[in-house]
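A.B. asks: Sharing a structure with you now.
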Amino acid sequence: MKFKVTFWRVLFVIIMILGAYSAYVRYFRGLGAVSNMNDQFPWGLWIGFDCLCGIMLAAGGFCISGAVYLFNVERLHCIIRPVILTAFLGYCLFIVGLLFDLGRPWFIWHQLIYMNPHSVMFEVGMCVMTYTTVLFFEFLPNVLEKFHLTWPLKIVKAVMPILIVAGILLSTLHQSSLGSLYLIMPSKLHPFWYSPALPFFFFGSAIAVGLAMTIFESVQSAKALGHHLELSVLVELGGALLIALCVNALLRFEDFYHRGILGQIFKPSYEAYFLWLELLLAFVIPITMLSFKKVRLSPKGLYFASLSAILGFVTNRLNVSITGFETWAGHHFVPKWTELMITVSIIAMGFFVFAMAVKYLPIFEHGPGVSEPVVERKPLRGELPKPSHVAT
Amino acid sequence: MSKGILYDATLCIGCKMCEKACAEHNGLAYDDSVAAESKQSEHKFTVVLTENDKFMRRLCMHCEKPACASVCPVGAFHKTALGPVVYDVWKCIGCRYCMVACAFAQPKYEWGSLNPRVRKCIMCPDLIKRGEATACAAACPTGATKFGERDQLLQEAEDRIAQNPGNYVPHVYGKEEVGGTSVFLLSSVPFEQFGYPSIDKIGDKALPEYTGVIMEKVPDFIPLWALVLGGIYWLAHRKEEVAEAESMEKHGGVA
């Protein structure tokens, strides 16, 4: 077998070596040695990025499956498989990240026996666990088809509507609950980010980022894998993203207004700079871009608008989890390099597994018009023929 | 009856006997270097802070409705009937939500350990059960730290302020903060000077109530939202059935 040395492969190996060293430090020297977390900052980069952002970035799964199966938006059918793969992968990586962050990861199963229903984290934990299982079954047809296992495939397909509804229900709960985690800290979290509406913001941003990630990922993988990209799908997603961003922006504005801190926002301060960065990337740039029809019709324009929105909401969640606590803690939080390397190698692992899955499983082969991938659907007579669904 | 601790900073002489007794009772090392540390940590559950000639103790406040107990996903913390907020280490998974949630930043972590525990003052539940005072109260030579019935201590604290109004800040710290605590503080200087968050900041509402408003809706939300989602599914897919039925009619029943 020939192995070609490319830049990305070398980079991947370097990241994995540094990540392995960091993992060694984590499990043999402890959390204090591997990270800059301390008693003032008990939650650092891993909760801020791996958990809060990771779950948000994997939200495309429930957004798109909701659109396709629940709302019956047929045109998006062709992207459901890569989106489900990303979501499933994202949640698996979140769990890997959690195993690094928990002080006693070998007791993670305690959640199942020592339940505390008052705890938001308990709710998040149970939902994430159940939803990852649901995503596993939503992903399973890829594997079953690959090995031509017909009858298990039939069973999975038969229960798919229930799985889809369950997946959206669970996502609604835990995406918003990630925001509820911070409701109990009104005196610690900076007023720019502490709001009774946090669960709504987290749910809203999950939908916006879910759409933005789907656009970003579709364009990116089309480029990388050289397969055909359905522009009409992207245009549709771009329109939905614009609406989602506007709703999010309106919610944030209303919140600032009703809590009477609109004046504070424009006064320069350490927190204000981070807030401006967040609002600029999440709202100002992508909403302005997407307001132009030209941008909404070009893959490149949609790509950069989505990228900006993604970065903006990532900044938002890091602000909630890190920047917002710096004044209370009395010092800045900058992750240690080993802490950062754990996060980077988890992301790199995600890219690697995604590439492998695309290579060996029927993720993209199932392009438009090949067959109904997951839910059995009868062809319609009364319906206008659509280019994306020629024949079954 | 629920027990409590009253610390009167005006009686404190800063001898740190409470620190020493606390360390000994909890099996922690205590020497001059630990005594010199002016912050709480995983090996120092209580600290006597000194500023000019004023003193102030810091320790777990043992909230009436503790945030740590409410947020813990595995219920490793709970408030006992006697008053102490205690920690069951064998349940703990190490998520550190308790540390993030506590308004007084009391839970500390064993960052250097490979099997880390959360550490904080647990109000000597073993001693209290036997009817004894906490180690710190028993060790205090001036009575600055006093152990007793919570309600009586609160009354006593208010009496002391009433009898000597010039001597105290007119506020019993812990009476209303985050819905009330089992530890009360009296001081001649503002509590904020020693890092205690003011009641304007943390409020008199029990912290678990902030999440309670959302969490109590979850059991109702689940079936309702499932019904809505199911309804959307049914509606969105109904047009297919209708279209099919219509086309069946049109084509004289031949599919």
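The values are calculated or read from the model by the stated rules, or taken from the named source; none is laboratory data. Because the structure is predicted, anything quoted here is derived from the model rather than measured. All Cβ positions, glycine included, derive from the backbone under ideal geometry; neighbour counts span all protein chains shown.
A.B. asks: Would you point out which residue out of B:ALA157, B:ALA76, B:ALA138 is in contact (Cβ under 8 Å) with a residue 40 or more places away in the chain and within 22 Å of B:PRO197 (Cα to Cα)?
C.D. replies: Result: B:ALA157 is the single residue among B:ALA157, B:ALA76, B:ALA138 that is in contact (Cβ under 8 Å) with a residue 40 or more places away in the chain and within 22 Å of B:PRO197 (Cα to Cα).
A.B. asks: If you go through the range A:202-223 one residue at a time, do you hit one that is within 14 Å of another protein chain (Cβ to nearest Cβ), at pLDDT 95 or above and either part of a helix (DSSP H, G or I) or out of contact with any His (no Cβ under 9 Å at 6 or more places or on another chain) (or both)?
C.D. replies: Yes, the range A:202-223 has at least one match.
A.B. asks: Here's a follow-up. In the set A:LEU170, A:LEU251, A:LEU198, which member is within 14 Å of another protein chain (Cβ to nearest Cβ) and under 27 Å from A:PHE325 (Cβ atoms)?
C.D. replies: A:LEU198
A.B. asks: Please verify whether the range B:197-219 includes one or more residues that are touching a strand residue (DSSP E or B) at 6+ places or on another chain (Cβ under 7 Å), over 24 Å from A:PRO117 (Cβ atoms), part of a helix (DSSP H, G or I) and in the same structural domain as B:CYS60 (by TED's automatic domain parsing).
C.D. replies: So far as the range B:197-219 goes, no, none of its residues is touching a strand residue (DSSP E or B) at 6+ places or on another chain (Cβ under 7 Å), over 24 Å from A:PRO117 (Cβ atoms), part of a helix (DSSP H, G or I) and in the same structural domain as B:CYS60 (by TED's automatic domain parsing).
A.B. asks: Hey, among the residues in the range B:83-120 that are more than 8 Å from chain A (Cβ to nearest Cβ) and without any contact (Cβ under 8 Å) to a residue 24 or more places away in the chain, which one's nearest to A:TYR194 (Cα to Cα)?
C.D. replies: B:ASP88
A.B. asks: Does any residue of the range A:176-183 turn out to be small (Gly, Ala, Ser), in a helix (DSSP H, G or I), more than 14 Å from chain B (Cβ to nearest Cβ) and under 27 Å from B:VAL74 (Cα atoms)?
C.D. replies: No, there is no match, as no residue in the range A:176-183 is small (Gly, Ala, Ser), in a helix (DSSP H, G or I), more than 14 Å from chain B (Cβ to nearest Cβ) and under 27 Å from B:VAL74 (Cα atoms).
A.B. asks: Would you point out which residue out of A:GLU138, A:GLU123 is in contact (Cβ under 8 Å) with a residue 12 or more places away in the chain, farther than 23 Å from B:THR211 by Cα and crowded, with 18+ Cβ neighbours inside 10 Å?
C.D. replies: The match here is A:GLU138.
A.B. asks: Now a separate question. Only one residue in B:ALA35, B:ALA9 is without any contact (Cβ under 8 Å) to a residue 60 or more places away in the chain and either hydrophobic (A, V, I, L, M, F, W, C) or surrounded by 17 or more Cβ atoms within 10 Å (Cβ to Cβ) (or both). Which one?
C.D. replies: Matching residue, one of B:ALA35, B:ALA9: B:ALA35.
A.B. asks: Within the range A:40-90, can you find the residues that are acidic (Asp, Glu) and closer than 30 Å to A:HIS332 by Cα?
C.D. replies: A:ASP50
A.B. asks: Of the residues A:HIS148, A:HIS118, only one is in a loop (DSSP other than H, G, I, E, B) and either touching a helix residue (DSSP H, G or I) at 6+ places or on another chain (Cβ under 8 Å) or buried (at least 21 other Cβ atoms within 10 Å of the Cβ) (or both); which?
C.D. replies: Going through A:HIS148, A:HIS118 in turn, the sole match is A:HIS118.
A.B. asks: Quick one: would you say A:GLY61 is under 16 Å from the mean Cα position of the chain (by Cα), closer than 19 Å to A:VAL353 by Cα and surrounded by 22 or more Cβ atoms within 10 Å (Cβ to Cβ)?
C.D. replies: Here the answer is yes, as A:GLY61 does meet what is asked.
A.B. asks: Condition (residue is basic (Lys, Arg), in contact with a helix residue (DSSP H, G or I) (Cβ under 6 Å, 6 or more places away or on another chain) and more than 22 Å from A:PRO199 (Cα to Cα)) applied to the range A:279-300: is it met by at least one residue?
C.D. replies: Initial filter on the range A:279-300 (basic (Lys, Arg)): A:293-294, A:296, A:300.
From the residues that got through so far, the ones that are in contact with a helix residue (DSSP H, G or I) (Cβ under 6 Å, 6 or more places away or on another chain) too are A:296.
If we keep only those that are more than 22 Å from A:PRO199 (Cα to Cα) too, we end up with A:296.
Yes.
A.B. asks: Quick one: in the range A:1-52, of everything that is among the basic types (Lys, Arg) and away from every other protein chain (no Cβ under 14 Å), which residue is surrounded by the most Cβ atoms within 10 Å (Cβ to Cβ)?
C.D. replies: Only one residue tops the list, namely A:ARG9.
A.B. asks: A further question follows. Could you look through the range B:21-74, keep only residues that are hydroxyl-bearing (Ser, Thr, Tyr) and part of a helix (DSSP H, G or I), and pick out the one that is nearest to B:CYS121 (Cα to Cα)?
C.D. replies: B:SER70
A.B. asks: Moving to a separate point now. Please work out if B:ARG150 is out of contact with any helix residue (DSSP H, G or I) (no Cβ under 8 Å at 6 or more places or on another chain) and either of a type in the set (Ser, Thr, Tyr) or under 30 Å from B:CYS98 (Cβ atoms) (or both).
C.D. replies: yes
A.B. asks: Still on this structure: Would you point out the residue of the range A:324-344, among those that are touching a Leu at 6+ places or on another chain (Cβ under 7 Å) and under 18 Å from A:VAL314 (Cβ atoms), that is surrounded by the fewest Cβ atoms within 10 Å (Cβ to Cβ)?
C.D. replies: Applying the filter and picking the extreme gives A:LEU340.
A.B. asks: Going by the conditions given, is B:PHE194 of a type in the set (Phe, Trp, Tyr), touching an Asp or Glu at 6+ places or on another chain (Cβ under 8 Å) and away from every other protein chain (no Cβ under 11 Å)?
C.D. replies: yes
A.B. asks: Got at least one residue in the range A:229-248 being in a helix (DSSP H, G or I), modelled with pLDDT of 95 or more and within 14 Å of chain B (Cβ to nearest Cβ)?
C.D. replies: No, every residue in the range A:229-248 fails to be in a helix (DSSP H, G or I), modelled with pLDDT of 95 or more and within 14 Å of chain B (Cβ to nearest Cβ).
A.B. asks: Filter the range B:1-36 for residues that are of a type in the set (S, T, N, Q) and within 24 Å of B:SER182 (Cβ to Cβ) and give the result.
C.D. replies: Scanning the range B:1-36 gives B:SER2, B:THR10, B:ASN26.
A.B. asks: Out of B:LEU185, B:LEU154, I need the residue that is under 28 Å from B:ALA76 (Cβ atoms), away from every other protein chain (no Cβ under 14 Å) and under 24 Å from the mean Cα position of the chain (by Cα). Which one?
C.D. replies: Checking each option against the conditions leaves just B:LEU185.
A.B. asks: Also, quick follow-up: A:ARG81 is checked against (1) in contact (Cβ under 8 Å) with a residue 24 or more places away in the chain; (2) surrounded by fewer than 18 Cβ atoms within 10 Å (Cβ to Cβ); (3) over 28 Å from B:PRO116 (Cα atoms) and fails just one. What number does that condition carry?
C.D. replies: Single failed check for A:ARG81: (2).
A.B. asks: Please count how many residues of the range A:195-251 are more than 18 Å from A:ILE79 (Cα to Cα) and either of a type in the set (Gly, Ala, Ser) or without any contact (Cβ under 8 Å) to a residue 12 or more places away in the chain (or both).
C.D. replies: So the count comes out to 9.
A.B. asks: Could you check A:SER187 against (1) buried (at least 22 other Cβ atoms within 10 Å of the Cβ); (2) assigned to a loop (DSSP other than H, G, I, E, B); (3) of a type in the set (Ser, Thr, Tyr) and say which number it fails?
C.D. replies: Looking at each condition in turn, A:SER187 falls short on (1).
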